[in-house]
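These notes concern the structure reproduced below.
The values are calculated or read from the model by the stated rules, or taken from the named source; none is laboratory data. What you are looking at is a predicted structure, and each value in this text was computed from that prediction instead of being measured. Quick reminder, even Gly has a Cβ in these numbers, built from the backbone with ideal geometry, and neighbours come from all protein chains shown.
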Amino acid sequence: MSKLKKYKFPLLILIAFLFAFLFTSGLKGVDNYTSKDEYCMSCHVHTEADNSWKYASHYNNKSGVVVHCVDCHLPPKSHSSYWPQKLKAASKDVYSFYFKDHSEINWNEKSKAKQAKNFTYNESCTNCHDNLFPLHLSKKGDKAHLYYKNNKEKLDCINCHLDVGHGGKKMHKPNQMFMRKVKSDELFTSSTRVSKFENFTEQIPGTDVSFDLMAIPATDSIPRFFMGKIEVSWNEYKAFLAETESEGRVEKNTEDLDAISGATPPFGDPSQAWGMGKRPAITMTWHAANIYCKWLSEKTGKTYRLPTQKEWMYACNANGKEDFFFGGSLKNYKQKNFPMNLFKQANERINEYVIWMVNSEEKTALPDRVKANPFGLLHMLGNVKEFCSDQITVNGKTEHVLMGGSFNSELKDLRYNKTDHTQHDAWMLTDPQIPKSIWWYSDCTDVGFRVVCEFPKIKSHE
């Protein structure tokens, strides 16, 4: 006993050391076991990702090096947040595995950069790719990585390199195919002649594209005008892109150079793979929308432009005094409101007219999803926010007015008089080009526009 007392302190240190060794060894063993790809896939059920992973450059590459699930979806093991993030991810996956219906999970949306950046870590990328300027990197790559180096706190590697983990189209290459014209045998030879103030269908000469315009009567302060029944669709906008695309080069000499300067190809897919056709065209800049109106005016011999904020509000609410053209104020549509919601849930009424955060599934919708407003216009609220011609100064910078709310909007942001504005610099943050594109937003997917056609300033068209 006396000897034990004599060596009590060294024994305690030895026992503590053995305990720490066994604990660490056990923890390391648990970590190694739960870091295997097979273990991740056994609980994190995502068949598309499991398959596409083996076709991406992090698995299928010249070096033969395989990058594993934990290498991208957890911080580096040396990082202090490794274990907290691993436990957090494990808890979420176990909960989803046992308590969620996997068939109802929108995997396509979760695979987009907006969602994917929540499950990847810049530290993990740079842990392997510590040299951002290798000799084989192109000049454009050098510029893009320099931009990232100078703006690390604002940018994510995944924005440009979404394809490396699970395959797909390369995000940091111009999408030339998107600009390609689809051939058609039946083309309009002239635009629609308009002599009366009534609804009409415009024909874009040289294309097979047409669209509807609604006659909006005058008020004491607003002259009468026509407005697009729906937002400018991909059908319409792609006709413009196919005809004017010229890598930004000016094609002929004119005082208004921008009007005939072609749009540069976008990076990635501006439609977000949601479909095109009559869905609203999105991600173009205010400048691009304005040039589209000039092009359309030249093609048709009419005067097309973006609406003013005053015109937009009138066309939306038809001089109504309530928050929504379908009736009621914001307080009327609270779920517990009585008696308005006694026989019909608040969202049911809204969903008849609006695509918003409740019913959008985080994407744009076709025109037939909603009912029209009193002037016959569709999607005036929700779906996409719409450019107006009005300028506004925000923090010393010129921005442009947006109206209408979008598929991402809450109810309070859908009121007809709710004014928003562009955020040009923020919406161009991850554009890898230097100088940045004047045609496409890289970080905004819920803004589009609709056109106004002036009357009686309609020119004759030969």
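Here Asn118 meets each of (1) part of a loop (DSSP other than H, G, I, E, B); (2) in contact with an Asp or Glu (Cβ under 9 Å, 6 or more places away or on another chain) with one exception, condition (2). Name the helices (runs of 4 or more DSSP H) wholly inside the stretch 32-93 in which the number of residues that are under 27 Å from the mean Cα position of the chain (by Cα) and crowded, with 17+ Cβ neighbours inside 10 Å is 2 or more. Counting at least 2 such residues, we get 47-52, 69-73.
Residues are listed down the side, and each one gets a yes or a no for (1) buried (at least 18 other Cβ atoms within 10 Å of the Cβ); (2) at pLDDT 95 or above:
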site	(1), (2)
Lys331	no, no
Gln335	no, no
Asn341	no, no
Gln345	no, no
Arg349	yes, no
Val358	no, no
Asn383	yes, yes
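Within the set of pairs 6+ apart or on separate chains, which have a first residue in the stretch 61-86 that is closer than 22 Å to Lys110 by Cβ, a second that is surrounded by 18 or more Cβ atoms within 10 Å (Cβ to Cβ) and β-branched (Val, Ile, Thr), and C-beta atoms under 8 Å apart? So the pair list comes out as Cys72/Thr120; His73/Thr120; Lys86/Val70. Answer yes or no as to whether Tyr59 is more than 24 Å from Asp443 (Cα to Cα), in contact with a Gly (Cβ under 7 Å, 6 or more places away or on another chain), not assigned by TED's automatic domain parsing to the domain that holds Leu429 and not β-branched (Val, Ile, Thr). So Tyr59 fails the test. If I go through the stretch 306-326 residue by residue, how many of them are polar (S, T, N, Q) and part of a loop (DSSP other than H, G, I, E, B)? Adding up the residues that qualify gives 2.
Taking the criterion of being of a type in the set (D, E, K, R), surrounded by 13 or more Cβ atoms within 10 Å (Cβ to Cβ) and modelled with pLDDT of 75 or more, the only residue of the stretch 94-122 that qualifies is Lys117. Within the stretch 385-396, is there a residue that is under 16 Å from the mean Cα position of the chain (by Cα), among the aliphatic types (A, V, I, L, M) and buried (at least 16 other Cβ atoms within 10 Å of the Cβ)? No, the conditions are met nowhere in the stretch 385-396. Please tell me if Thr254 is modelled with pLDDT under 85, surrounded by 15 or more Cβ atoms within 10 Å (Cβ to Cβ) and either closer than 17 Å to Ala289 by Cβ or not hydrophobic (A, V, I, L, M, F, W, C) (or both). No; evaluated as a whole, the condition is false for this residue. Of everything listed in (1) over 18 Å from Ser409 (Cα atoms); (2) at pLDDT below 95, the single unmet condition for Ala315 is (2). Quickly run through the stretch 290-305 and pick out the residues that are within 24 Å of Leu187 (Cβ to Cβ) and outside any loop (DSSP other than H, G, I, E, B). Answer for the stretch 290-305, where residues must be within 24 Å of Leu187 (Cβ to Cβ) and outside any loop (DSSP other than H, G, I, E, B): Ile291, Tyr292, Cys293, Lys294, Trp295, Leu296, Ser297, Glu298, Lys299, Thr300, Tyr304. When the test is whether a residue is at pLDDT 75 or above, more than 28 Å from the chain's Cα centre (by Cα), buried (at least 17 other Cβ atoms within 10 Å of the Cβ) and hydrophobic (A, V, I, L, M, F, W, C), Val164 does not pass it. Within the bounds of the stretch 439-462, is there any residue that is free of Cβ contacts under 8 Å to residues at least 40 places away in the same chain, among the aliphatic types (A, V, I, L, M) and touching a strand residue (DSSP E or B) at 6+ places or on another chain (Cβ under 7 Å)? There is no residue in the stretch 439-462 that is free of Cβ contacts under 8 Å to residues at least 40 places away in the same chain, among the aliphatic types (A, V, I, L, M) and touching a strand residue (DSSP E or B) at 6+ places or on another chain (Cβ under 7 Å).
The residues of the stretch 233-251 that are modelled with pLDDT of 55 or more, of a type outside the set (Ser, Thr, Tyr) and over 21 Å from Glu386 (Cα atoms), listed by number, are Ala242, Glu243, Glu245.
Here His424 meets each of (1) touching a residue at least 60 places away in the same chain (Cβ under 8 Å); (2) in contact with a Leu (Cβ under 8 Å, 6 or more places away or on another chain); (3) surrounded by 16 or more Cβ atoms within 10 Å (Cβ to Cβ) with one exception, condition (2).
Hey, can you tell me all the residues within the stretch 260-289 that are part of a loop (DSSP other than H, G, I, E, B), closer than 15 Å to Glu386 by Cα and of a type in the set (A, V, I, L, M)? Across the stretch 260-289, the qualifying residues are Ala281, Ile282.
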